[in-house]
Protein chains: 2
Amino acid sequence: VNVSALGEHGLLDRIARRIGPAPALEVWAGDDAAVVPWPHDRLLLTTDVLVEGLDFRLDWGSARDVGWKAVAVTVSDLAAMGARPRHAVASLSLPAETPVDVVDGLLDGMLAAASRWRLSLVGGDLSGASELSLAVAMVGAGDDGRPVLRSGARPGDSLCVTGSLGGARAGLVALQRGEGTAEGGEAGPALARQLRPQARVDEGVLLAGAGARAMIDLSDGLVVDLGRLMDASGTGCDVDPGAVPVDRAVEPVARRWGLDPLETALIGGEDYELLLTMEESLVAAARSSLEAMGTPLTRIGLVTEGAARVGGRELASWREESWEHLRPR
Amino acid sequence: VNVSALGEHGLLDRIARRIGPAPALEVWAGDDAAVVPWPHDRLLLTTDVLVEGLDFRLDWGSARDVGWKAVAVTVSDLAAMGARPRHAVASLSLPAETPVDVVDGLLDGMLAAASRWRLSLVGGDLSGASELSLAVAMVGAGDDGRPVLRSGARPGDSLCVTGSLGGARAGLVALQRGEGTAEGGEAGPALARQLRPQARVDEGVLLAGAGARAMIDLSDGLVVDLGRLMDASGTGCDVDPGAVPVDRAVEPVARRWGLDPLETALIGGEDYELLLTMEESLVAAARSSLEAMGTPLTRIGLVTEGAARVGGRELASWREESWEHLRPR
């Protein structure tokens, strides 16, 4: 049996079982970031790896973009816990023929993202390799010390999402079909969403304080990450597809390449928005606070005791269409 | 210009300059691990990446060995600061056709090493890739909070090394020349040294308390890592090659494959012993304490104000013969 037969989901489950359950008050594999004790305190720890050819292509954007994204997606894991990033290290694997300019660009992109989210890039490791890859590991801390897990949703909670969805996937489609790396014309906003993701750190911290009971970042697409939140919480949901905020960046790309905009928003990954649940009575106040920082908060459905459904259709059937890294494509 | 023209040393320097100097009381790129502040405390952060084909081959050992080594070499970075590991995350990149048994083996090896050095493996990330690689990032803490840096050596200090050298390189040679993965007969101890390295955590903590002024782990070979210690400290040294403790595992491999045992000990990497400096008057007490835990401590030379020399020959000329990952071999 090889890993493609298990799929990413199956492999992650298998690894989590092997690692075993976390002690009381700790969080290990199975959430956006791990939570571990530290004298007088606790800290959050997470890592993400980007691999050339699969997660990025240097001819699709600049090396700066890749460095930025490697940091941004790792920051997003901490944002999804309602925490802030503090320090990062990076492991860089690269072929001997990699131009030094590429290494400089990766570093500059990582440093720009580190500056944006006020963390320090403090070191790393180098290795040779036959393909370029970049693993970033990060330490973070909660503002009030209470991280928001994936497992806290309760039936009756409202299900909400920050910002808008589908833009990053539209950008990926534009790149795959040859829109290139130029300003991109109509596809420009979608390309920016794909190449230069933004992590919702201030939003995550605010939502943690505003009563978010469960939270996850949307890295692999709404239907996949929604499934993870529901599985971790042991709940179901009813999501109204008509309520899902579709990124305005999707429309021009969808028109040109024949995509369904709503499906792009539901299945597309890499938007790095936050999906969360909270008591219905708290949503209006959270929305006002978030809008004050320029970020929409949209109620897209309800947490239930039943199955997890989007538009009446069970998540499992949606997932088959969605992005899983290890499946042959 | 590509990275092979710069070499690993040149590239690391370039990256460290780009990252910039650390604030007061912090340590960033350029030591074994980074040291950063944490409320009421500080923590150490480090990462190492192993790449198939370059850092390991699955037909040379088991997947368990690779998982073990990925954790052990990262623990060693913390040992070299006189610190203990606490928590780790791992980024695993793997081809879709990787057997699930290999993933299980990697995890089991990581967990065995985590248990050995009493740290928790708390999560990670998965990605597809065309070759297998494993990046481990780790958080650690000093026993008394004062990490031992590379930069603390002073002229007049004694230069000492734990354990014995050359075994891991002898093991690599045996593997490269086809000794295989069986028990290995006479090469067995060398293979064990290469495939299942031991990190000197208790020794590092003890030495930090016993007055070690500068310390580094021997990952890339004595002449390379000695150069790093001297460069960081702005000092030179005189090392007596005759005093360097050659691993008994070297001799049978050297005899069979025509190696020079002393050169293997001086140039060979991956022994993960500790190289340190301390005042001459403190060496005897440190040696007794270390011997009580079964680990030899050997004085191999003196820190000077002059050039860095081994057997009267400057380090630069030794380095040309030594292992640098990014140089074509």
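The values are calculated or read from the model by the stated rules, or taken from the named source; none is laboratory data. As the structure is a computational prediction, the values presented were derived from the model and not from experiment. Cβ coordinates were reconstructed from backbone atoms using ideal geometry, including for glycine residues, and neighbour counts include every protein chain displayed. Only protein heavy atoms, including side chains, enter the accessible area calculation; ligands, DNA and RNA are left aside. Shrake-Rupley method; radii C 1.70, N 1.55, O 1.52, S 1.80 Å.
This table checks each residue for (1) at negative phi; (2) outside any helix (DSSP H, G or I); (3) surrounded by fewer than 17 Cβ atoms within 10 Å (Cβ to Cβ); (4) among the aromatic types (Phe, Trp, Tyr).
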site: A:LEU266; (1), (2), (3), (4): yes, no, no, no
site: A:TYR272; (1), (2), (3), (4): no, yes, no, yes
site: A:LEU275; (1), (2), (3), (4): yes, yes, no, no
site: A:ALA284; (1), (2), (3), (4): yes, no, yes, no
site: A:SER288; (1), (2), (3), (4): yes, no, yes, no
site: A:THR298; (1), (2), (3), (4): yes, yes, no, no
site: A:LEU302; (1), (2), (3), (4): yes, yes, no, no
(request) Specify which of the listed residues (A:ARG154, A:ARG116) is surrounded by fewer than 24 Cβ atoms within 10 Å (Cβ to Cβ), more than 13 Å from chain B (Cβ to nearest Cβ) and in contact with a Lys or Arg (Cβ under 9 Å, 6 or more places away or on another chain). (result) A:ARG154
(message) If A:PRO189 satisfies all but one of (1) in contact with a Lys or Arg (Cβ under 8 Å, 6 or more places away or on another chain); (2) closer than 27 Å to B:ASP55 by Cβ; (3) open to solvent by 40 Å² or more (accessible area, probe 1.4 Å), what's the number of the condition it fails?
(response) (2)
(request) Considering each of B:ALA129, B:ALA137 in turn, give the residue that is crowded, with 19+ Cβ neighbours inside 10 Å, more than 17 Å from the chain's Cα centre (by Cα) and touching a residue at least 12 places away in the same chain (Cβ under 8 Å). (result) B:ALA129
(request) Go through region A:229-264 and count every residue that is assigned to a helix (DSSP H, G or I) and charged (D, E, K, R). (result) 5
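Looking at A:LEU58, A:LEU92, can you tell me which residue is under 19 Å from B:ASP13 (Cβ atoms) and over 20 Å from the mean Cα position of the chain (by Cα)?
Residue meeting the stated conditions: A:LEU92.
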(request) Restricting attention to region B:304-322, report how many residues are among the basic types (Lys, Arg) and either modelled with pLDDT of 95 or more or assigned to a strand (DSSP E or B) (or both). (result) 2
(message) Need the failing condition index for B:LEU206 against (1) part of a strand (DSSP E or B); (2) farther than 21 Å from B:GLU320 by Cα; (3) not charged (D, E, K, R), just the number.
(response) (1)
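Can you find a residue in region B:181-190 that is assigned to a helix (DSSP H, G or I) and under 17 Å from the mean Cα position of the chain (by Cα)?
There is at least one residue in region B:181-190 that is assigned to a helix (DSSP H, G or I) and under 17 Å from the mean Cα position of the chain (by Cα).
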(message) Any residue at all in region B:51-66 that's within 21 Å of B:GLY142 (Cα to Cα), in contact (Cβ under 8 Å) with a residue 24 or more places away in the chain, surrounded by 24 or more Cβ atoms within 10 Å (Cβ to Cβ) and within 10 Å of another protein chain (Cβ to nearest Cβ)?
(response) no
(request) Identify all residues within region A:6-26 that are out of contact with any Lys or Arg (no Cβ under 7 Å at 6 or more places or on another chain), more than 8 Å from chain B (Cβ to nearest Cβ) and not acidic (Asp, Glu); write none if there are none. (result) A:HIS9, A:GLY10, A:ALA16, A:ARG17, A:GLY20, A:PRO21, A:PRO23, A:ALA24, A:LEU25
(request) Keeping to region B:29-50, report how many residues are out of contact with any Leu (no Cβ under 8 Å at 6 or more places or on another chain) and either among the aromatic types (Phe, Trp, Tyr) or buried (at least 22 other Cβ atoms within 10 Å of the Cβ) (or both). (result) 3
(request) Determine which single condition B:GLY123 fails, assuming it passes every other condition in (1) open to solvent by less than 20 Å² (accessible area, probe 1.4 Å); (2) modelled with pLDDT of 95 or more. (result) (2)
(request) Could you list, in sequence order, all residues of region B:232-264 that are in contact with a strand residue (DSSP E or B) (Cβ under 9 Å, 6 or more places away or on another chain), charged (D, E, K, R) and either crowded, with 24+ Cβ neighbours inside 10 Å or free of Cβ contacts under 8 Å to residues at least 12 places away in the same chain (or both)? (result) B:ASP247
(message) Restricting to region B:123-147, and then to whatever is out of contact with any Asp or Glu (no Cβ under 9 Å at 6 or more places or on another chain) and part of a loop (DSSP other than H, G, I, E, B), can you tell me which residue is farthest from the other protein chains (Cβ to nearest Cβ)?
(response) B:ARG146
(message) Between a residue in region B:85-112 that is more than 30 Å from B:ASP202 (Cα to Cα) and more than 7 Å from chain A (Cβ to nearest Cβ) and any residue that is open to solvent by 10 Å² or more (accessible area, probe 1.4 Å) and part of a helix (DSSP H, G or I), which pairs come within a Cβ distance under 7 Å, given they are 6 or more apart or on different chains?
(response) B:VAL102/B:ALA63
